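One structure below.
The values are calculated or read from the model by the stated rules, or taken from the named source; none is laboratory data. Keep in mind it's a predicted model, so treat the numbers as computed, not measured. Virtual Cβ from ideal backbone geometry, glycine too; neighbours counted across all protein chains shown. Ligands, DNA and RNA are stripped out before the accessible areas are found, and what is left, the full protein with its side chains, is counted by its heavy atoms. Shrake-Rupley method; radii C 1.70, N 1.55, O 1.52, S 1.80 Å.
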Amino acid sequence: VDLSAVQCRKRKSTKAKEWHQIVARSQDAIERRLILERLVYGDTPPQFSAPTYVVDNPEQAERAAGRLRAHLGLGDEPIQNLVALVESMELRVAPVDVDTDRFDGLAGWAREGVPYAAYLHNGVFPGERQRFTLAHELGHVVMDTQAAEANGFDSDDLANRFAGALLVAQPGFGSTSP
């Protein structure tokens, strides 16, 4: 499986060899998932069903999270099972077991526009951090941040703002457009 448009949360101290191992394990996990899907669905796998939000600044990243919460009918209630929610949108989720604490997760697209998110699942990080990482990676998938990046904003900072607003509902944030 060729993974393209990879966005990731990793430490600057992550060595190249370690990064290649992370990508290889992520590719393996996603490939296994896609093989299973092919067996179940044939050549027509379920399509990703979340909207894309154009984001120009950090406030719009938070607004995008609120709009996604509204789109999913979550209201202001806590998200009980983030993995199930993300998978219900047909974003493929793969826990990856790598012996490191310098990587949190990555997201991108596999064959024919199939989105994926992989996150570290090795007992190093608590569940709250894994949830934040998965929400962060979802942000990379649903946000178009090209304009924000052109204005000097960092896509990881925007994904962090998105993740925080997705996990902790802010009443009224999803109700206004732009």
Provide the per residue accessible area, probe 1.4 Å, for the chain, rounded to a whole number of square angstrom. 51
The range 35-90: Cα Rg divided by the 2.2 N^0.38 Å rule of thumb: 1.42
Counting only Cα, what are the radius of gyration and maximum Cα-Cα distance Dmax of the range 121-171, in Å? 12.2, 38
Percent relative contact order of the chain, based on C-alpha pairs within less than 8 angstrom and at least six residues apart? 34
Pop a pseudo-label 7 angstrom from the Cα along the beta-carbon direction at both residue 20 and residue 80 and give the gap in nm to one decimal. 4.5
What's the carbon and sulfur percent of the chain's accessible surface, probe 1.4 angstrom, rounded to a whole number? 50
For the chain, modelled as a GNM with alpha-carbon contacts under 10 angstrom, which of 126, 51, 95 fluctuates the most? 126
Which of the listed residues, 34, 21, 139, is farthest toward the dipole's positive end in the chain, when Lys, Arg count +1 and Asp, Glu count -1 at the beta-carbon? 21
Which whole-Hz couplings ³J(HN,Hα) result when phi for each residue of the range 88-103 is put into the Karplus expression 6.51 cos²θ - 1.76 cosθ + 1.60, θ = phi - 60°, listed in order with x for Gly and Pro? 5, 8, 6, 8, 6, 10, 9, x, 10, 9, 10, 7, 7, 10, 9, 9
Here the range 37-49 yields Karplus 3J(HN,Hα) values (6.51, -1.76, 1.60; θ = phi - 60°; whole Hz; Gly and Pro given as x) of 4, 4, 5, 7, 9, x, 8, 10, x, x, 9, 4, 10
Name the residues whose placed amide hydrogens come within less than 5 Å of the amide hydrogen of residue 54, ignoring near sequence neighbours (fewer than 5 apart) on the same chain. 144
What do you get for the angle between helix 127-142 and the principal long axis of the chain? Use alpha-carbon atoms, 0 to 90 degrees, nearest ten. 80
Per the helix-only calculation at 222 nm, which mean residue ellipticity applies to the chain, given -39500 (n - 2.57) for every DSSP H run of n ≥ 4 and division by its residues, nearest 500 deg cm²/dmol? -14500 deg cm²/dmol
Report the percentage of all Cα-Cα pairs in the chain whose separation exceeds 29 Å, rounded to a whole percent. 19
Rounded to the nearest 5, what % of the DSSP beta bridges within the chain are antiparallel ones? 60
